[in-house]
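Undergrad: Here it is, the structure in full.
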Amino acid sequence: MAGRGGVILAAGLGTRMKSRLPKVLHPVGGRPMVVRAVQALQGLGSLDQLVVVASPENASAIEELLNGQVEVVVQEKPLGTGHALMVAEEALRSLDELILIYGDMPLLRSEDIQFLLDAVRKAEEDGPRPQAALLSFDAPSPRGYARVLRDPQGNLLRLVEEVEATPEEKAITEVNAGVYWFRSVTLWPVLRRVKPSPRKGEYYLTDVFADLVQGGHRVVVAQGSDHRSFIGVNDRLALSQAEAWCRQRTLEALMEKGVTVEDPITTYVEEGVEVGPDTVLRPGTFLEKGTVIGSSCIIGPGAHIIASRVGDGCRIWYSTVEESQVGDGVTIGPYSHVRPGCHLEAGVEVGNFAELKKAYVGSGTKIHHHSYLGDARLGPRVNIGAGVITVNYDGYRKYTTEIGEGAFIGCNVNLLAPRIIGKGAIIGAGSTITEDVPDDSLGIARERQVTKPGWAARWRKAQEERQKR
Ligand code: UD1
Ligand code: CA
């Protein structure tokens with residue numbers, strides 16, 4: 001025998017979810033709960049084996065999700081958590097120690113499990129060798145959890161499941177989280193002695209503790225402090241609570257690193273997003289996976305940033321930025337859309353109602369007022385006037401537009417791609433440009449104006465006389 005294994009129980013019916021999707025496959029923070037459980041165990045970095053107990057309904061989905069990282073054992077019938085572990089015995093028999101968690105604890109972190117293992121190590125130093133350990137916590141609302149019963153000296157007596165508890169026992173707020181450590185040699189014989197419970201007829205894993213204690217074995221109970229880590233998701237209400245706490249924790253971590261979050265209720269930041277110190281996240285901000293924001297930025301109100309890198313000192317408000325790279329000191333918004341594949345250099349200004357797609361924009365370039373730049377390459381210090389459009393699509397293919405350093409594109413200009421506008425060139429307002437314009441040249445393509453003095457007055461007079469007739 002050697003090593004330490006991890007087990008995740010994930011074969012329950014999840015009937016309280018009232019869902020066609022198996023419970024442990026429901027996502028929290030964008031990751032299915034069972035995947036989160038696996039990652040929490042893997043985060044310990046010390047497991048020789050990882051087993052998930054699945055139902056016939058969800059086994060193949062779990063296998064696919066975790067492609068080969070874990071061994072999946074099928075529990076044909078959900079006869080209880082004790083039974084689920086019995087089913088996994090064969091797969092786990094060679095291991096010295098086991099860590100067991102449930103698949104419906106989406107906010108459990110590696111550090112929470114490590115806290116239990118540390119308590120075991122400490123106990124080993126100061127007395128008889130512990131044979132099992134569990135995490136408990138003081139629940140603000142203990143409904144649904146097993147209560148921890150202790151003797152007057154504070155030693156563990158047993159765990160009592162809520163459905164089996166008396167009103168006095170139900171009043172206890174110290175509950176069983178569902179995170180355990182076992183020494184295998186002691187566990188297996190005790191597990192085999194578990195009998196179906198009186199009320200539900202299930203084999204409760206939690207029954208092993210009374211047996212262990214009565215057998216004179218030392219059981220460590222470690223009390224966790226952040227109750228949010230231990231939420232067990234049994235229904236949709238708990239699912240939404242878990243989602244909210246997940247979000248809250250992500251924001252708290254950012255605040256600890258020096259980010260201001262003006263309104264946590266309306267700020268959605270996915271796990272793994274990075275934000276630099278002294279950046280302010282204003283209300284209505286959404287930062288999605290893969291996003292990295294620099295320091296001293298003002299993001300929001302109303303910013304939606306997806307898988308993008310944003311430099312320092314940027315301001316982005318009432319705008320969407322997707323899969324793009326944004327340099328230092330860039331301003332975007334209000335009401336602009338930076339679509340995938342853009343790269344904005346330092347100091348670029350993207351203003352009211354601008355749309356960019358696959359555009360490289362040199363430093364200091366200004367793009368304001370109702371413009372569209374797609375498949376474009378703009379040099380530094382270019383000025384894009386109101387209503388400038390790169391005509392990049394002919395219905396079949398996309399073409400590119402290049403605009404040189406310091407060029408000035410007047411209002412309402414169509415640039416028919418493929419097109420090159422030279423450095424320092426000026427394009428007259430209202431032009432539809434169908435030929436390249438060399439450096440420092442004027443490109444203008446519009447009808448010459450005709451002015452007829454007095455014409456308007458004569459026309460009005462004629463109309464008035466017609467009406468009199
Ligand atoms: C369980 C614990 C309870 C604890 C609580 C913490 C038992 C008997 N009860 O209660 O002490 O306070 O979690 O959240 O262990 N499962 C199987 N096979 C089965 C039954 C369940 O794999 O036959 C799995 C489920 O998929 C789930 C986990 O075990 O992921 C826990 O089962 P669940 O029915 O949610 O137990 P609770 O009533 O929440
Ligand atoms: Ca549960």
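Undergrad: Pull out all pairs, ordered by first then second residue, where Cβ-Cβ is under 7 Å, the residues are six or more apart or on different chains, the first lies in the stretch 1-24 and is in a helix (DSSP H, G or I), and the second is surrounded by fewer than 14 Cβ atoms within 10 Å (Cβ to Cβ) and at pLDDT 95 or above.
TA: Filtered contacts from the stretch 1-24: 17/236.
Undergrad: Please work out which residue is nearest to residue 379 (Cα to Cα), limiting yourself to the stretch 431-449 and to residues that are assigned to a strand (DSSP E or B) and not hydroxyl-bearing (Ser, Thr, Tyr).
TA: For the stretch 431-449, the residue satisfying everything is 437.
Undergrad: Provide a single number: the residues in the stretch 348-360 that are in a loop (DSSP other than H, G, I, E, B), at pLDDT 95 or above and surrounded by fewer than 20 Cβ atoms within 10 Å (Cβ to Cβ).
TA: 1
Undergrad: Can you go through 121, 143, 158 and tell me which one is within 12 Å of ligand 1 (Cβ to nearest atom), free of Cβ contacts under 8 Å to residues at least 40 places away in the same chain and either of a type in the set (D, E, K, R) or not in a helix (DSSP H, G or I) (or both)?
TA: Result of the check over 121, 143, 158: 143.
Undergrad: Checking the structure you have, find out if any residue of the stretch 449-457 is surrounded by fewer than 16 Cβ atoms within 10 Å (Cβ to Cβ) and in the same structural domain as residue 316 (by TED's automatic domain parsing).
TA: no
Undergrad: Got a sec? Which of 153, 114 is assigned by TED's automatic domain parsing to the domain that holds residue 189, in a loop (DSSP other than H, G, I, E, B) and more than 10 Å from ligand 1 (Cβ to nearest atom)?
TA: Only one candidate qualifies: 153.
Undergrad: Being more than 14 Å from ligand 1 (Cβ to nearest atom) and assigned to a strand (DSSP E or B) is the filter; apply it to the stretch 94-111 and report the residue that is surrounded by the fewest Cβ atoms within 10 Å (Cβ to Cβ).
TA: Among those that are more than 14 Å from ligand 1 (Cβ to nearest atom) and assigned to a strand (DSSP E or B), it is 97.
Undergrad: With the checklist (1) closer than 13 Å to residue 371 by Cβ; (2) hydroxyl-bearing (Ser, Thr, Tyr); (3) surrounded by fewer than 18 Cβ atoms within 10 Å (Cβ to Cβ) in hand, flag the one item residue 401 doesn't pass.
TA: That leaves (3) as the condition not met.
One line per residue, one yes/no per condition, for (1) charged (D, E, K, R); (2) more than 30 Å from residue 334 (Cα to Cα); (3) not assigned by TED's automatic domain parsing to the domain that holds residue 350:
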| position | (1), (2), (3) |
| --- | --- |
| 372 | no, no, no |
| 391 | no, no, no |
| 394 | yes, no, no |
| 407 | no, no, no |
| 459 | no, yes, yes |
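Undergrad: Which condition does residue 68 not pass, out of (1) surrounded by fewer than 18 Cβ atoms within 10 Å (Cβ to Cβ); (2) touching a residue at least 60 places away in the same chain (Cβ under 8 Å); (3) at positive phi, if it passes all the others?
TA: Unmet for residue 68, out of (1) surrounded by fewer than 18 Cβ atoms within 10 Å (Cβ to Cβ); (2) touching a residue at least 60 places away in the same chain (Cβ under 8 Å); (3) at positive phi: (2).
Undergrad: Further question: Within the stretch 103-115, identify whether any single residue is out of contact with any strand residue (DSSP E or B) (no Cβ under 6 Å at 6 or more places or on another chain), closer than 22 Å to residue 195 by Cα and modelled with pLDDT of 95 or more, and answer yes or no.
TA: no
Undergrad: Specify which of the listed residues (91, 37) is within 11 Å of ligand 1 (Cβ to nearest atom), touching a residue at least 24 places away in the same chain (Cβ under 8 Å), out of contact with any helix residue (DSSP H, G or I) (no Cβ under 7 Å at 6 or more places or on another chain) and assigned to a helix (DSSP H, G or I).
TA: Step by step, each of 91, 37 is checked, and only 37 is within 11 Å of ligand 1 (Cβ to nearest atom), touching a residue at least 24 places away in the same chain (Cβ under 8 Å), out of contact with any helix residue (DSSP H, G or I) (no Cβ under 7 Å at 6 or more places or on another chain) and assigned to a helix (DSSP H, G or I).
Undergrad: Name every residue in the stretch 203-226 that is assigned to a strand (DSSP E or B) and not hydrophobic (A, V, I, L, M, F, W, C), in order of residue number.
TA: Of everything in the stretch 203-226, those that are assigned to a strand (DSSP E or B) and not hydrophobic (A, V, I, L, M, F, W, C) turn out to be 203, 218, 223.
Undergrad: Within the group 283, 334, 277, which residue is assigned by TED's automatic domain parsing to the domain that holds residue 353, within 19 Å of the chain's Cα centre (by Cα) and surrounded by fewer than 19 Cβ atoms within 10 Å (Cβ to Cβ)?
TA: The unique qualifying residue is 283.
The values are calculated or read from the model by the stated rules, or taken from the named source; none is laboratory data. In this text, all values refer to a predicted model and were calculated from it rather than measured experimentally. Neighbour counts run over all protein chains shown; Cβ positions are idealised from the backbone, glycine included.
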